[in-house]
Amino acid sequence: MSRGLRIVAERGLPTTIANKLRDGLEEKVRADLGEPIDVSIEQGSLLLDPDGEVHLGGSVPRNRKTDDVVIFLTEMPRLWGGKPTPAEIDLQRMAGIISLPACGVRRVARVVERLIVASAAGIIRQDLHEDLLYAVQSKNHHWTDDSAGHAKSTLVVDTRWGWVRTVIGMMRINQPWKLVASLKGVMAAAIATASFGVFYTSIWQMASVLSPLRLLLISGFSVGVMTMWLIAANHLWETKSSGRFSAVWARLYNSTTIFTVLTGVVFMYVGLYAVTFVSSMVVIDETFLTEQLGKEATLHDYGSLAWLSTSMGVIAGALGSNADSHESILRATFGRREQERRKTLDELNQDEADSEDITITKDDFE
C-alpha cells in the first residue's frame, strides 16, 4: 500500500494555491521520492495552544494512517528568534507547516510546491536540510534544530528583506482592496463631502491657485488622517502591555495593519477621485467655470478641484468609520485572526470540559 501525503490548507489563499497545485503535485512528489505516494488535498486549520503556540498534535487529522505525511498550508506568519520562517517540520509527528506570508509575493505557488515536495521528502528520509535549502534556492536561509534530538527543524530567513516580504505577503492575504467595499459609512461621508466641493465655487477658486505639490501634501495628510483614525477608532494597534502578543509579534502585526489599512485607503482615494472628477466634468459647465475662475478653464482645473474635493472627502470619511465597518476592519488584521484561532481553541476546551470534565493545557501539546 502506498504512503499518503495529505495537504491540509486553510480557507482562502492557501486553498486556492493547493487546488492550483493539485494536478502536478503528485507526479513531482513521486519523482523526488522514487516511490509511489498518494497526494490528497483537504481544508483544515491549525489550532493554537493557550500560549499562542501552534498545536500541531491537535491539528493533525485524527483519521490519518500511521505513515501518512501531513503538510499544512497556512496564512499565519511564523517567526523563529524574530525572523520569518517559510517552513517547519516535525519528524516525530511526520508533519510540516508552510507559512505563505514568508514565501513572498512572486511565483508563490511555485515556491510552495517546491517546499511541499522537499518537506515531504525530508520527513520521509529523516534528513531534509539539503532538500529544503534547494527548494528555496537562497543563501540567506538556514535551518535551526531544536534541542530534543533534532526532531523539529525550522527554515529561517536571515535578511531584513525577509521581514519586509513577510509583511507584504500578509498584506496580500488581507486583500486591502476589498476593505473599501465594506466601509459603507466611510464612503458615504467621503462622497457627500467631495460632492460639496463640486458644487461650491469657493472650492474651485482655492483649488485653482494651489500648486500640485501643495495638493499632494494635502492628499498625503488626508490619507494619513484616515489611516490613523481607522486604526485608533477600531483599536487595531497591538501593544506588549495588552498581553496578547510579545513585542516582536506586535511589531509584525502593527506593520501589517498600518500598510493594509493605508493601502485600502489609497484604493478608496483613487476611486473617489475618479468619481469626483467625472462628476465635476458633468455638473460644471466650462463657460461657468471660466467665469468663476477669471481665466480660461482647462482640464487641469477640473482635475485640481476634484483633487482638493477628494482630499476633503477622505478626511470627512473618517467620521463615518462607525460600527458598520468595525468587524470588516478587524478581519483585515492578522492579530485578530489569531485571536479567532484562540477563540476556537477556547470553545474546544469548553466542549471537552462539559463532556469529560477536562481542560486542555499547554502540557497536552508536548
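The values are calculated or read from the model by the stated rules, or taken from the named source; none is laboratory data. In this text, all values refer to a predicted model and were calculated from it rather than measured experimentally. Cβ placement follows ideal geometry from the backbone for every residue including glycine, while neighbour counts extend to all protein chains displayed. Ligands, DNA and RNA are stripped out before the accessible areas are found, and what is left, the full protein with its side chains, is counted by its heavy atoms. Shrake-Rupley method; radii C 1.70, N 1.55, O 1.52, S 1.80 Å.
Please find, within region 305-322, the residue that is farthest from residue 192 (Cα to Cα) out of those that are at pLDDT 90 or above and open to solvent by 20 Å² or more (accessible area, probe 1.4 Å). Here the answer is 307. Meeting the requirement of 3 or more residues that are at pLDDT 80 or above and of a type outside the set (D, E, K, R), the helices (runs of 4 or more DSSP H) wholly within region 153-242 are 160-174, 184-199, 201-209, 212-233.
The rows are residues; the columns are (1) closer than 17 Å to residue 5 by Cβ; (2) part of a loop (DSSP other than H, G, I, E, B).
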| position | (1), (2) |
| --- | --- |
| 88 | yes, no |
| 102 | no, no |
| 106 | no, yes |
| 110 | no, no |
| 115 | yes, no |
| 118 | yes, no |
| 124 | yes, no |
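Among the residues of region 95-110, those identified as buried (at least 21 other Cβ atoms within 10 Å of the Cβ) and among the aliphatic types (A, V, I, L, M) are 95, 97, 98, 100, 102.
In region 158-171, the residues that are open to solvent by less than 60 Å² (accessible area, probe 1.4 Å) form Cβ pairs under 7 Å with partners that are in a helix (DSSP H, G or I) and among the hydroxyl-bearing types (Ser, Thr, Tyr), at six or more places apart or across chains, as follows: 167/255; 167/256; 170/256; 171/256; 171/260; 171/263.
To keep it simple, each residue is scored yes or no on (1) crowded, with 20+ Cβ neighbours inside 10 Å; (2) assigned to a helix (DSSP H, G or I); (3) among the basic types (Lys, Arg).
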position: 251; (1), (2), (3): no, yes, yes
position: 258; (1), (2), (3): no, yes, no
position: 264; (1), (2), (3): yes, yes, no
position: 274; (1), (2), (3): no, yes, no
position: 279; (1), (2), (3): no, yes, no
position: 289; (1), (2), (3): yes, yes, no
position: 292; (1), (2), (3): no, yes, no
position: 300; (1), (2), (3): no, yes, no
position: 303; (1), (2), (3): no, yes, no
